[in-house]
1. With respect to the numbered conditions (1) surrounded by fewer than 20 Cβ atoms within 10 Å (Cβ to Cβ); (2) in a strand (DSSP E or B), which one is the sole condition not fulfilled by A:ASP43?
2. Please give the number of the condition B:ALA30 fails out of (1) modelled with pLDDT of 90 or more; (2) within 9 Å of another protein chain (Cβ to nearest Cβ).
3. How many residues are more than 11 Å from chain B (Cβ to nearest Cβ) and surrounded by 15 or more Cβ atoms within 10 Å (Cβ to Cβ) when one looks only at region A:146-174?
4. Within the set of pairs 6 or more residues apart or between chains, which connect a residue that is facing chain B (nearest Cβ under 8 Å) inside region A:88-107 to a residue that is of a type in the set (Ser, Thr, Tyr) with Cβ atoms less than 6 Å apart?
5. Quick check: is even one residue across region A:13-24 under 27 Å from the mean Cα position of the chain (by Cα) and assigned to a strand (DSSP E or B)?
6. Among the residues in region B:37-53, are any modelled with pLDDT of 85 or more, under 26 Å from A:VAL147 (Cβ atoms) and more than 7 Å from chain A (Cβ to nearest Cβ)?
Amino acid sequence: MFFEVELQRDVKINATNLDKPVSRRFILACLLDNLFKEKASEDHGYFLAVTRLKSIGKGNVMDESGNTVFTVVFTCRTFKPFPGEELQGVVRYISQHGVLLKCGPVSNAFLSAWKMSKYQYIPGKKPAFLNNELSKIEKGVVVCFLVLAVRWINASRDFEMLASVDADSLGPVSLPGSDELEL
Amino acid sequence: MSGEEEENAAELKIGEEFLKAKCLMNCEVALILEHKYEQLQQMSDDPMNQVSQVFEKSLQYVKRFSRYKNPDAVRQVREYQLAEFELCVLGNLCPETVEEAIAMVPSIKTKGRAHDDDAIERMLNDLSLIKKFE
């Protein structure tokens, strides 16, 4: 789900940049750069766009070198998946063990074959999962799935999900459009 | 797995912070991300080089999975008496029947909530009309 959340971050300005008055613009540029590098947090999800600046605190000198910290409070749009949520994703890889879906900024939502109990694996050049009603899950197909669990990977600062389609109204859906960005 | 073992969106257990936060439908996110992308297009010959992978993947996702194109239509959808999270799930997935809606958002039928099947069906019909005539 996408959210707009209030966040607080400490922006550190090196003393070498303090020979002239520090502008709000410079602090914000540092904040945006830091958020870009941070990419996501376990608590709030992936950072998409800062929407509003609420406050910039007075600078606190950290140490003898004169490095200063400004506390910035702002609102930000984020994406964070939750267990129990229904989402839509696109199939990007299929094996006999299951399917990998991509869903927004999350590249790995694993839909195990065990959680597609009504579907059979069909191997071949274009492997797929097929059920008795000829509903097909293959590469590029949009799947509506239930998030069973979410895991935060600190090393890559990503979320991974475990998915299921073993419930009503879940499974492949036909939606127009492709996954490519129309420029 | 996530440290919050009791998190369960099906029961609206998403933590105090996210219950208070504003939830956004894919179409609302698409508006702001597209606007930002257009600004980058005006500033640079190659805007895709200016954005992160997170931004690019999110923009692809919300453009593809937006159900409402008109910002005014989106505002009408928000007038229903549901939790923000529930409203956004319904706005994103557009269930056609009451059974589908309850399957997607089980929390709308929890004990003590005022939404009976007729109320849910009226809401789904209205949402469908908004989508048709936006």
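1. The failed condition is (2).
2. Result: B:ALA30 passes all but (2).
3. 6
4. Every condition considered, the pairs that remain are A:GLY104/B:SER58; A:GLY104/B:TYR61; A:PRO105/A:TYR46; A:PRO105/B:SER58.
5. Of all residues in region A:13-24, those under 27 Å from the mean Cα position of the chain (by Cα) come to none.
Within region A:13-24, none of the residues are under 27 Å from the mean Cα position of the chain (by Cα) and assigned to a strand (DSSP E or B).
6. yes
The values are calculated or read from the model by the stated rules, or taken from the named source; none is laboratory data. What you are looking at is a predicted structure, and each value in this text was computed from that prediction instead of being measured. Virtual Cβ from ideal backbone geometry, glycine too; neighbours counted across all protein chains shown.
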